[in-house]
Amino acid sequence: MANFSANRHHARMERLEIWRITDTTPGHLSQTAGLIAALERVRKVAVRDIPAWRPLQLPTQLFFPPFKQLPDASPDLILCCGHRTHLTALALRRAYGGKLIVLMKPTLPLRLFDLVVVPRHDGVRASPCVIQTEGALNPLTAAGPHHADRGVILIGGPSRHHDWRSSSIVEQVRRLVSGSPGVRWTLTTSRRTPEDSDAALRGLRLPNLEIVPFKQTPPGWVAEQLALVATAWVSEDSVSMLYEALTAGVAVGVLDVPRRGHSRINRGIDHLVTDRRVVRFTNWTPEVPLPRSEPLAEADRVAAEIIKRWFGRVEHGPVR
C-alpha cells in the first residue's frame, strides 16, 4: 500500500488526471477549457470529458459505469461548470475521489465543493474555498502580433440585462470607423444581433471596414482576430467577449447599449470603467488612443493556486 501511495503521488507530480463534466453550453465549455489550458501550461495533464448525467441516471451510472475505471486512473481534479453538471460531479467525487472545482456560482451550497471559482461581479465573498476572478475564465492569452493598424468590432444584441437600439449601434460604428481612417476594422455580429441591425451594418460603405457575419465565422475566429489586432470595440451586452478582449491584451472600448436596470453584470462593467481597463464610447475621442491595460490572466492565476494548494510547486511560469 505504501508503494502504491508513493507511486500515485509521483504520478500526480508528473501528470494530472482531470475529469471535465460537460453540458451543451458553449460558454461553460469555454470556461473549463480555459482552466485546463492554463493547467497544461504548468503541468502535464490528461483530460477525460464526461457528459453530465440526468438526475435519474445517477444511480445507474454509478453502479454500472459506462467505462472501466482503474485505481491509477482516478481523477486528481473534477471540473464542472453549469447547474446541470453539479450532481454528476459530486457523485463522481464520492465514488472515485479527487478535488472538485466548480466554475461560476453554483446553485448548491458552496461547502460541497473543494474550490469555487466565481466572477467578482457575482457577489460571492472570497474565502479559503472561493477564488474571485475578473470575469469568467476563457482560453485566450495575450500572445499574438497585435498589429497597431488593425482593429475588431464585436457586436451582440438584446439580452437579459440589455435592450437594443439598432440606430445607435450603427451610428457608433460609423463614427468609430470614420474617426480612425488609419485602422483596418473587421466587424462581426452574433446570433443575438437583430436582422435590422445586421442589414444596417452591412449597409455601411466605409473603405476601412470589413464585415464578416456571424454565420461566416468558424470556431475560434474571434480568438484569432484578437491575437491579430491592437484594439477591440465590444458592445456592452457581449460580456464574455469583453473579458476575452481584456485577456488577449488589446486596448478595449465599449459600445453603448441601453441597460435594463441595475444588475451584477452591469456592476462588473462599471468596475472595469472605474479601473480604466476599458473606455466607453461616450468618453472616446479619435485623437486619444485607447489605453492598453495589463492583460488579464485569470485562468493562469487560478491554475497556479490549484497547483500550489494540492500538487506541489509550479514547474514553470504561465504563458503571457
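The values are calculated or read from the model by the stated rules, or taken from the named source; none is laboratory data. Note that this is a predicted model, so its numbers are computed, not measured. Note that each Cβ is placed from the backbone with ideal geometry, even for glycine, and that neighbours are counted across all protein chains shown.
Descriptive notes on the structure:
- For region 222-252, the set of residues classified as within 17 Å of T186 (Cβ to Cβ) and of a type in the set (D, E) consists of E224, E244, listed by residue number.
- If you go through region 281-316 and pick out every residue that is over 30 Å from C129 (Cα atoms) and in contact with a helix residue (DSSP H, G or I) (Cβ under 6 Å, 6 or more places away or on another chain), you end up with 1.
- In region 26-51, the residues that are closer than 19 Å to V118 by Cα and modelled with pLDDT of 95 or more: H28, L29, S30, Q31, T32, A33, G34, L35, I36, A37, A38, L39
- Looking at V116, V177, just one residue is in contact with a helix residue (DSSP H, G or I) (Cβ under 6 Å, 6 or more places away or on another chain) and either assigned to a helix (DSSP H, G or I) or buried (at least 18 other Cβ atoms within 10 Å of the Cβ) (or both), and that residue is V116.
- Selection within region 180-213 - of a type in the set (A, V, I, L, M, F, W, C), surrounded by fewer than 18 Cβ atoms within 10 Å (Cβ to Cβ) and within 27 Å of the chain's Cα centre (by Cα): V212
- Qualifying residue in region 295-308 (condition: exposed (fewer than 13 other Cβ atoms within 10 Å of the Cβ), within 27 Å of G182 (Cα to Cα) and either free of Cβ contacts under 8 Å to residues at least 24 places away in the same chain or acidic (D, E) (or both)): no
- Residue satisfying all of: in region 78-92; crowded, with 24+ Cβ neighbours inside 10 Å and not β-branched (V, I, T); modelled with the lowest pLDDT among these: L92
- Any hit, region 53-73, residues being in contact with a helix residue (DSSP H, G or I) (Cβ under 7 Å, 6 or more places away or on another chain) and at pLDDT 90 or above: no
- Tally, over region 122-133, of residues that are in contact with a strand residue (DSSP E or B) (Cβ under 7 Å, 6 or more places away or on another chain) and either in contact (Cβ under 8 Å) with a residue 60 or more places away in the chain or not assigned by TED's automatic domain parsing to the domain that holds E17 (or both): 2
- Residue within region 275-292 that is outside the structural domain of L16 (by TED's automatic domain parsing), closer than 23 Å to V124 by Cβ and exposed (fewer than 13 other Cβ atoms within 10 Å of the Cβ) present: yes
- When region 103-121 is filtered for residues that are free of Cβ contacts under 8 Å to residues at least 40 places away in the same chain and farther than 24 Å from L272 by Cβ, the ones remaining, listed by number, are P106, T107, L108, P109, L110, R111, L112, F113, D114.
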